[in-house]
Each structure stands twice: as structure tokens, then as C-alpha cells.
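The values are calculated or read from the model by the stated rules, or taken from the named source; none is laboratory data. As the structure is a prediction and not an experimental result, all values here were calculated from the model. All Cβ positions, even for glycine, are placed from backbone atoms using ideal geometry, and neighbour counts span all protein chains on display.
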Amino acid sequence: MNTPHFSEMEIQQYAVDPAISLTTMRSHLDSCAQCQARVREYQQLFVSLRELPKSVFAADFSTRVMQELPQVSSKSPAGRVYVYGISFVSVTAFLVCLYQFRKYLIRFFSGILPITMYLILIMALLILIFQGLEMFRRYQKQMQLLN
Ligand SMILES: [Zn+2]
């Protein structure tokens, strides 16, 4: 009777599988009504948890999530004007910059060997392709986790 009461972890382990308990634990449990009551409570809890109906998720979880997301109103005329206006302003600003700095750009690119230029372009394309593939793979993995 000198052994201390079971910890929560020991009580739960005993409630799940009494066979794994030590002999000192068993002797304490035989004499301690408090620990017996706690073991019974956990056993009842585990039984009722097992009897709960399994929660059923939709087979295609991603489409349900996408339906719940708020729709971006791209159909509204004000939204379209806003998107096209920003696109037009940014493209125009880019073209104006190209025109303003054309002398510097021509001098910059004429100083580079063509083979170096192709290597830079190929490397940039490869980086873009691998980044896109990585992003797509990550998206697919997250969708698999959701489903
Ligand atoms: Zn006890």
C-alpha cells in the first residue's frame, strides 16, 4: 500500500491493456479503490469511443473546400476595369522604362557574348521550369493530405 497512485499515463495504459502492467502496479490496484475507479472510467471512455460512429468525410474533400471558399467576383464590371487598368498601367510603365533606357540596355547586351547570353537564358528557363514543377508537386502533395 506504500506505492503511490498511478499517473494518468499508467492508468490509461492499464485501461487499454492490463497485461502490460507490472506486478507492483497490479498489487497497488488490488488494494486502491481510487485507482480502480479511474481505470474503470477510462475503460468505459475507451469503449464508448470505440462505439462512436466513424466520421465520414466526403471522398473529394478538395472540391468541397473550393466550394466553401468565397468566390472572387471577376464577373463584375468594376473588378474587370480594375484588373485591366492595373495591367495596362504596369505594362505601359515597363515599356516606358525600356524606351528610356534603350541605349544602356543595347550597350549592356552587346557587351555580352552570344553564347553567354544563351547560357543565361537557358539557366533562367531551367530554374523557372524546376520551380514550377516543385510548386505543382507541393500542391499535389497538399491535396493528397486533404483527401
Ligand atoms: Zn491508487
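Only one residue in Ser48, Ser76, Ser110, Ser62 is more than 30 Å from Phe6 (Cα to Cα), modelled with pLDDT under 95 and loosely packed, with under 10 Cβ neighbours inside 10 Å, so which one is that?
Numbers: Ser48 fails: more than 30 Å from Phe6 (Cα to Cα); Ser76 fails: loosely packed, with under 10 Cβ neighbours inside 10 Å; Ser62 fails: loosely packed, with under 10 Cβ neighbours inside 10 Å.
Criteria check complete, one pass: Ser110.
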Qualifying positions in the range 1-39 - touching a helix residue (DSSP H, G or I) at 6+ places or on another chain (Cβ under 6 Å), within 21 Å of Leu49 (Cα to Cα) and more than 10 Å from the ligand (Cβ to nearest atom): Gln12, Tyr14, Ala15
Number of the exception - Thr3 against (1) in a loop (DSSP other than H, G, I, E, B); (2) closer than 30 Å to Asn147 by Cβ: (2)
